[in-house]
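Here is the structure we will look at.
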Amino acid sequence: MIALEFKELVEVSTPKGDGLIWYMMDYGPHSDTLYTIIIKDTGECWQMCHKDFRIKTNVTMGIGGSYGKTTPFQEKGNNNDLLKKASGGS
């Protein structure tokens, strides 16, 4: 089993409302990874697997909360340019 407490909380949308991933537990290849999510409005803690929630934002990956929009990583030909910028290359 692997357990991980997130240093940076990740915002997610769940059927219970918006929340923050606080903890992750991976029991191995024969079971789903469980995430402990704190619901913002109620303070409730729920354990959910990855198919039960969606990430709201992730600036590093270009996820801005709108899944219908194309991110720079999805556009053809931009991956090398983004990697060069991130590493300080021109």
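Nothing in this text is a laboratory measurement; each read-out follows from the coordinates by a stated rule. All values derive from a computational prediction rather than experimental measurement. Every residue, glycine among them, receives a Cβ derived from its backbone with ideal geometry; neighbour counts consider all protein chains shown.
At-a-glance table
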quantity	calculated
Computed over segment 13-57, the ratio Rg/Rh where both radii use C-alpha atoms and Rh is Kirkwood	0.98
In sequence order, calculated HN-Hα J values of segment 43-50 (Karplus, 6.51, -1.76, 1.60; Hz; x Gly/Pro)	x, 5, 10, 10, 9, 9, 8, 4
Cβ-based net charge around Leu34, under 14 Å, with every Lys or Arg adding one and every Asp or Glu removing one	-3
